[in-house]
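Written below as C-alpha cells is the structure these notes are about.
Bear in mind that the values in this text are calculations on the coordinates, not laboratory data. Since the structure is predicted, the reported quantities are computational estimates derived from the model, not experimental observations. Neighbour counts are summed over all protein chains in view; Cβ atoms, including those assigned to glycine, are modelled from backbone coordinates with ideal geometry.
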Amino acid sequence: MGPDSWSPNRRQPVQLGYVSGARPSCRPSSNLAGDFLPRLSSIVYSFDSNSLKLKLTSAGALGLLALSPFAGAQSTIYGLDVRLQRFFTTDTANFVANFTVIAPNPIAVFALDFDATATTLFGIQNPVAPAPASYGTFDLATGAFTPTGTLTGPASAAGLTAHPDGTTWYVLENLAGTVNLWRGNIAASGTFTLVGSSTVMGLAIDLSCDSQGNLYANSITSDSIYSINSTTGAATLIGPTGFATNFAQGMDFDWSTDTLYATLYTGGGTGGFCSINLTTGAATLIDDTFSLNAEMEIAIQVPAAGTIGTNYCTANPNSTGNTGDIFATGSAIAANNNLTLTASSLPNNAFGFFLTSMTQGFVANPGGSSGNLCLGGAIGRYVGPGQVQNTGLTGGFSLVLDLTQTPTPTGPVAIIGGQTWNFTAWHRDAVGGSATSNFTNGLTINFL
C-alpha cells in the first residue's frame, strides 16, 4: 500500500508530541512516507472526519496516560520494521536504547511469532500476485526469510501466534469487514482450519496468546483490545488503548511474566512501545519510538513455561467441534509444588473440574457422557472450594494444584517424587439442545 498521505478513504496518521507526565498529544504528521498495511484487496478502509476530530481533540486535551518507564525482567525481542524494511532486535527493558538493526528485509510479513520453545521465528508473507500467501522462518543472525510452503486456508494474515501447548497456532485474517480466526500447526504444515468469525472488531491488526492459551487482538478501527474465544472466534471488547493507531502494529506476550507488549504505531514514523492492561485495554507508554522512525511487528523470544507430562487417550469432539485438550505448566518436581493444569478447546460458559488417578484407563461414554474417561482405578475429583471452574468466554479453565492435597476417594494425599499421576478434565456440554457432558484427553506426569 502507498504512503500514508491525507485522503478521504483511510484512517489518518498522527504525530505524537510527548510531555513527561502527560498523555501523548496528537497532530497531523509532516512525514508521510512509507507506512504499510497488509495487502488485503477485499478490505475497504473508511474515514469518519467527525470521529477523528473528536479523537484528536480529546487526545490533546486529556492528560491521562503518563510516560511510565517499566521496571521488570528483560526479554529479547525480534521484529520487522515494515516502514524502513529492517529486521531488528531489542528487549523489553530498553526498547529504544537497545534497538539494533540486523539486516535489511523487504519481505511483506505482517504476522510473526516464535514457536513455544522460542527457538524458531515463523512468519507469514502475504500474497504478492500472482503468488498466494506463504509461510517460512527467519534466520535470527542474518534476518533472512526462508519460505517453507504455501498457506492453506486464510488468504492472508494480519496476525500469527503460538499456543503454549507446543503444537497449536492461530492466524488472524481480515476479509471484507469480517475477522476470521484459523487454527493449525505452522511448524508441521501451512494448513489451517477456520475456527470462527467476528464482525465487531472492524480491522483487527494483530493477535497474541498468553501462557494459559487465551487470545487477544488489537483493532485499529476502534483502537481497542479484544479477547478472542479460541473455540468460536467470537470477540469481546476489553477497552481502548488510548492511542490513535494506524497501519501495521506489533503485539506479543512475554510468557515469563504474562505481560502483553505492543508497538503502537500512529503514523508518520511516530508511536510507542507499551504494555497493555488486560482488564481495561489501556496502553501504558514505556518508550517513545519516534526516534526510530519505525512501523513494527514484534515477537518476544520467551519459551512457554514448560509443558509438563505427555498426553494420551483420545477425546471425543465436544459441541464446538473440537476435542478438549489438557496440558500442564510449571514443574514436575513434586517438592516444588508448582503445577498448573489447563483445559482448553471447550464450550463457552460450561462448568467443569479436573480429575486424577495413578491409573490410566479408557471408558467410553461413562454415565451417559458424550466423552471418554481416560482414567481408571481410584479417581479423585478437584471439587473443593474454588476448584470447580467455568470456561466463561475463553472456552477453557485452569487450576493451580496443591500437590500436598491431591484428592483421592479416601481423602487427600501428597504427591512425591517417583510417582506417576494421570489427569483429565470433565465439563458440561449440550448437543442438539440436550444436556450432556464430555472429557478432555488424558495427561500423564512422571513426578521427580
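Quick notes on this one:
- Residue by residue, segment 105-113 carries 3J(HN,Hα) couplings of 8, x, 5, 7, 10, 10, 8, 8, 6 Hz when phi is fed to the Karplus relation 6.51 cos²θ - 1.76 cosθ + 1.60 (θ = phi - 60°); x denotes Gly or Pro.
- Above 15 Å, the calculated P(r) of segment 319-364 contains 62 percent of its Cα-Cα pairs.
- Total formal charge among the other residues, if their Cβ is under 11 angstrom from that of Asp113, Lys/Arg +1 and Asp/Glu -1: -4
- All C-alpha to C-alpha distances of segment 187-332, sorted into 5 Å bins beginning at zero, yield P(r) values of 2, 9, 16, 19, 19, 15, 11, 6, 3, 1, 0 percent in whole numbers.
- Charge context of Asp325, other residues only, Cβ under 13 angstrom, K/R +1, D/E -1: 0
- Here the calculated FRET efficiency for Val363 and Asp139, from their Cβ-Cβ distance with R0 = 51 Å, stands at 0.55, rounded to the nearest 0.05.
- If the chain linking Ala332 and Ala430 were pulled fully straight, counting 0.36 nm for each residue of separation and taking away their Cα-Cα distance, it would gain 31.8 nm.
- Extension gain, Thr120 to Val101: 0.36 nm times the residue separation minus the Cα-Cα distance gives 5.0 nm.
- Per-selection metrics, segment 126-166 (Cα): Rg and Dmax in Å: 12.0, 35
- Distant-in-sequence amide H partners of Ile238 (H built 1.01 Å from N, under 5 Å): Ile225, Tyr226, Ser227
- Principal axis dimensions, largest first and in whole angstrom, of segment 283-339 by Cα: 54, 39, 18
- Principal axis analysis of the Cα atoms in segment 257-353 yields extents of 53, 38, 22 Å, listed in decreasing size.
- With N as its number of residues, segment 75-230 has a Cα radius of gyration that, divided by 2.2 N^0.38 Å, comes to 1.00.
- Using 0.36 nm per residue and subtracting the Cα-Cα separation, the extra length available between Leu393 and Asn446 on full extension is 15.8 nm.
- Three principal axis extents describe the C-alpha atoms of segment 307-446; from largest down they are 45, 29, 26 Å.
- Surface/4 of the Cα convex hull for segment 171-225, nm²: 4.1
- Förster radius 22 Å - calculated FRET efficiency between Leu237 and Leu175, Cβ distance, rounded to 0.05: 0.60
- Local electrostatic count, Thr100, Cβ distance below 15 Å [Lys/Arg +1, Asp/Glu -1]: -2
- Placed amide H near Ile333: partners under 5 Å, 5+ positions off or other chain: Leu448
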